[in-house]
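The values are calculated or read from the model by the stated rules, or taken from the named source; none is laboratory data. Since we're looking at a predicted model, the values are computed, not measured. Ideal geometry is used to build each Cβ from the backbone, glycine not excepted, and the neighbour counts take in all protein chains shown. The protein model used for the area step is the full one, side chains on, heavy atoms only, and it has no ligands, DNA or RNA in it. Shrake-Rupley method; radii C 1.70, N 1.55, O 1.52, S 1.80 Å.
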Amino acid sequence: MVKNLKKDEKLWGDDPFSLQEGLRNISDAREHSIAKNFYRDGFVHLSDVLDSGVCDAAVNSYRNWCDSHRKDMYGIRGDTRNPRVVNLHSDSDEVKRLFTSSQFLLNVLDLLFGYRASVYTSLTFQYGTEQPFHRDTPVFRTAPEEFYFGVWFALEDANKENGCLRVLKGGHKGGRVDQYSFAEELVSDVNQIQPGGKGLWVPYQNAVVEKCWEEGGVSEEYLEAKKGDVVIWHPQLPHGGSPIRDASKTRMSVVYHVVPERVPVYQADVFFNRSKSNASLESDKSYYEFEGREFMRTVPPRFGSN
């Protein structure tokens, strides 16, 4: 458990969008600018974080793993593309090194959390997802809440041709939907809600995005990135994948799901259930260390749908 992290603690204090509260102790000019942009926009795009060789090593590790597990991928997709790979980092030092190789990135994550960042899980993609806007919080519900970031690594250039990320800039500040009341209206027995939120995920995300647009102060932004760039997003930021204009082009990338060390992560069965709002701060997972950072121990990698 992270030292001194308490049940009622909030990311950046009682007013998470107060720059005075969040930035007052940051003296480094570059870090101050990064934190300010993150608080304001709900994400930050960091350029030239990773060396090209680190990216290439991760891609080669991905290809080798896919080649050796080719028989496991058939039937997951309706085309010939590789599906996403869940937790490839658990079998690949090269993929783990995306997270650990840049001390600058680690410093930024520690700064934004106020605690040392660690890895919960990861996804590796060969192609863009074209996902609609969504928030991650239903399936990455931490205790305390919102101590989670998505950290996306571009392993090759990402643009509108191959389906770059897109975000609803500023959407982390509003679009608040009472998830408990929402679920109680749609589900007869909230104790039967599955971890993946089947039946609730799509209507909840639609309600969030609709409310964000109604409240205003948001804008859609396409995040074209260069190989080696990193994007960090707030747990409440609606984000997704842009349409792929050229289906022949890959968009190699990895997203790490990152939390402060030992912070437990719950899923939709807890997020939508009022009776589970006081989820334990004690994690029941085990961890290991790689190059000075903690990684949650996961099951072996597998193909997932995307």
Hits in segment 175-206 - residues which are in a helix (DSSP H, G or I) and of a type in the set (S, T, N, Q): 179, 181, 191, 192, 205, 206
message: On the basis of being at pLDDT below 95, open to solvent by 10 Å² or more (accessible area, probe 1.4 Å) and touching a helix residue (DSSP H, G or I) at 6+ places or on another chain (Cβ under 7 Å), does residue 303 make the cut?
response: yes
statement: Being in contact with a strand residue (DSSP E or B) (Cβ under 8 Å, 6 or more places away or on another chain), surrounded by 14 or more Cβ atoms within 10 Å (Cβ to Cβ) and free of Cβ contacts under 8 Å to residues at least 40 places away in the same chain narrows 276, 227 down to just 276
Unique match (being in contact (Cβ under 8 Å) with a residue 60 or more places away in the chain, of a type outside the set (Lys, Arg) and within 25 Å of residue 81 (Cα to Cα)) among 109, 105, 165: 165
field: Lone unmet requirement of (1) among the hydroxyl-bearing types (Ser, Thr, Tyr); (2) within 15 Å of the chain's Cα centre (by Cα); (3) in a loop (DSSP other than H, G, I, E, B) for residue 256
entry: (3)
- prompt: Taking segment 144-160 on its own, how many of its residues are modelled with pLDDT under 95 and either among the basic types (Lys, Arg) or open to solvent by 50 Å² or more (accessible area, probe 1.4 Å) (or both)?
  reply: 1
statement: Of the residues in segment 111-126, those that are more than 20 Å from residue 267 (Cα to Cα) and open to solvent by 30 Å² or more (accessible area, probe 1.4 Å) come to 111, 114, 115, 116, 126
message: I'd like to know if segment 161-169 contains one or more residues that are under 14 Å from residue 252 (Cα atoms) and surrounded by fewer than 19 Cβ atoms within 10 Å (Cβ to Cβ).
response: yes
message: Here's a check for you: in segment 241-266, which residue that is among the small types (Gly, Ala, Ser) and crowded, with 19+ Cβ neighbours inside 10 Å is nearest to residue 155 (Cα to Cα)?
response: 253
Every residue from segment 207-218 that is over 23 Å from the mean Cα position of the chain (by Cα) and either surrounded by fewer than 13 Cβ atoms within 10 Å (Cβ to Cβ) or in a loop (DSSP other than H, G, I, E, B) (or both): 214, 216
field: Residue check, residue 237 modelled with pLDDT of 95 or more, surrounded by 15 or more Cβ atoms within 10 Å (Cβ to Cβ) and outside any loop (DSSP other than H, G, I, E, B)
entry: no
query: Restricting attention to segment 22-80, which residues are of a type in the set (Phe, Trp, Tyr) and either modelled with pLDDT of 95 or more or surrounded by 15 or more Cβ atoms within 10 Å (Cβ to Cβ) (or both)?
result: 38, 39, 43, 62, 65
